[in-house]
Amino acid sequence: MKDRHAEFQQLGSDVLAVSFSPPERVARYLDESPMPFPVASDPSRAGYQAFGLERTTWGGILRPGVVGRYLGLILRGWLPHKTARNEDVLQLGGDFILNRRRRLVFARRSAEPTDRPSVNELLQAIRVAAALD
Amino acid sequence: MALNVGDEVGDLTFQKPDGGSIRLSDLTAPTLVLIFLRHLA
């Protein structure tokens, strides 16, 4: 995503990433891994709850399909990082797109940790939203 | 009740890393991609 942020800008889209980690943790993360778009903090998880994002279980993370997808990511160059102490590794994420009237036009709540839409899928959803606006 | 496609999203407020706050209304582009992360690496 961060390597293709310009494509989102070209389509007239803002991007905001939200973490449930506290602001100081997000700041440290951004010092090590700067992002071209803002990253905000939602430690109360009010946003996570509003968008219906749930926590999975260890069983959900260690399912063979999920482990296999992580192995595939590793083979493509992704390296897992050690998580900080107290990071909630069971919280699932999600990707959403809002139109100019701030109506939800795309929603993908991760069913398991590797379940995220591709960048191409997000870009296409933005194009569709713009065409319908 | 979780938001569904078609629902209007309220002006949620989040905290910026520098201690300030950011509201969804601060982002004014025609579309907004909102990515809720899992844990930070």
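The values are calculated or read from the model by the stated rules, or taken from the named source; none is laboratory data. Since this is a predicted model, take the numbers as computed values, not measurements. FYI the Cβ positions are ideal-geometry reconstructions off the backbone, even for glycines, and counts take in every protein chain you see. Only protein heavy atoms, including side chains, enter the accessible area calculation; ligands, DNA and RNA are left aside. Shrake-Rupley method; radii C 1.70, N 1.55, O 1.52, S 1.80 Å.
Worth pointing out:
- Residue check: A:R25 meets all listed conditions (1) surrounded by 16 or more Cβ atoms within 10 Å (Cβ to Cβ); (2) closer than 26 Å to A:N99 by Cα but one, namely (2).
Yes/no per residue for (1) open to solvent by less than 50 Å² (accessible area, probe 1.4 Å); (2) at the interface with another protein chain (Cβ under 7 Å from one of its Cβ atoms); (3) of a type in the set (D, E, K, R); (4) within 11 Å of the chain's Cα centre (by Cα):
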| position | (1), (2), (3), (4) |
| --- | --- |
| B:A2 | yes, yes, no, no |
| B:V5 | no, yes, no, no |
| B:V9 | yes, yes, no, yes |
| B:F14 | yes, yes, no, yes |
| B:I22 | yes, yes, no, yes |
| B:S25 | no, no, no, yes |
| B:T28 | no, no, no, no |
| B:L32 | yes, yes, no, yes |
| B:I35 | yes, yes, no, yes |
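- So A:F37, is it among the aromatic types (F, W, Y), in contact with a strand residue (DSSP E or B) (Cβ under 6 Å, 6 or more places away or on another chain) and not in a loop (DSSP other than H, G, I, E, B): no
- Scanning the stretch A:26-80 for residues that are at the interface with chain B (Cβ under 10 Å from one of its Cβ atoms) and at positive phi yields a count of 2.
- If you go through the stretch A:65-116 and pick out every residue that is open to solvent by 30 Å² or more (accessible area, probe 1.4 Å), of a type in the set (G, A, S), at pLDDT 80 or above and assigned to a loop (DSSP other than H, G, I, E, B), you end up with 2.
- For the stretch A:118-133, filtering for residues that are modelled with pLDDT under 95, touching a strand residue (DSSP E or B) at 6+ places or on another chain (Cβ under 6 Å) and more than 7 Å from every other protein chain (Cβ to nearest Cβ) leaves 0.
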